[in-house]
């Protein structure tokens, strides 16, 4: 990927995280936000939005670190095991283990099951979209692993705080950013490849003109 497209990709994910958290924050913290809307306190509403959006930018950065770490681990797994089937089986087991660990070791099992269901549904939707985009069934399990295991690992800071509002406020931007990166990366890679080819053609044309 060219540096220009990497910057575009980075800031697009950053904006998505900020906007999603900025909007979601009002729903998650509605009891605190309701008086601002009741009194049409636009300054406080704007301040709250930018506060939530700032948190969303941090969540987006966490998501991007997790995404590029997953890309590295995924490539290493392919190089080490040499078999896609073996590597996919390992990822599936790992995703199931992380999800089980999340549900089993939390005090509130009902709440954990709700979050697990939300993550699983989002993961299946994103993985199905990735499979359709890649036109390969082999893309499903790696995408599922990323959306389940990596998202939960990225979510650890909120899990440690263990506040319902914090859990929701961090989880949704993570899921949205992770799904976006998973599906948008091929577009930026193709765009970079096209720009490189156009640059090479321009260079050839300039050399012919110079000669």
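Out of 21, 46, one residue alone is over 16 Å from residue 67 (Cβ atoms), part of a helix (DSSP H, G or I) and touching a residue at least 12 places away in the same chain (Cβ under 8 Å). It is 21. All but one of (1) touching a helix residue (DSSP H, G or I) at 6+ places or on another chain (Cβ under 9 Å); (2) farther than 22 Å from residue 182 by Cα; (3) outside any helix (DSSP H, G or I) hold for residue 40, so report the exception by its number. Failing condition for residue 40: (1).
Can you find a residue that is within 14 Å of residue 144 (Cβ to Cβ), surrounded by 15 or more Cβ atoms within 10 Å (Cβ to Cβ) and touching a residue at least 24 places away in the same chain (Cβ under 8 Å) anywhere in the range 99-108?
Checked against the condition, which is being within 14 Å of residue 144 (Cβ to Cβ), surrounded by 15 or more Cβ atoms within 10 Å (Cβ to Cβ) and touching a residue at least 24 places away in the same chain (Cβ under 8 Å), the range 99-108 yields at least one hit.
Put simply, of 106, 110, 82 the only residue that is more than 19 Å from the chain's Cα centre (by Cα) and on the phi > 0 side of the Ramachandran plot is 82. In this structure, is residue 95 at pLDDT 90 or above, surrounded by 13 or more Cβ atoms within 10 Å (Cβ to Cβ) and on the phi < 0 side of the Ramachandran plot? Answer is yes for this residue.
The values are calculated or read from the model by the stated rules, or taken from the named source; none is laboratory data. Source: prediction; values computed, not measured. No Cβ is skipped: glycine too gets one built from the backbone with ideal geometry, and neighbour counts run over all protein chains shown.
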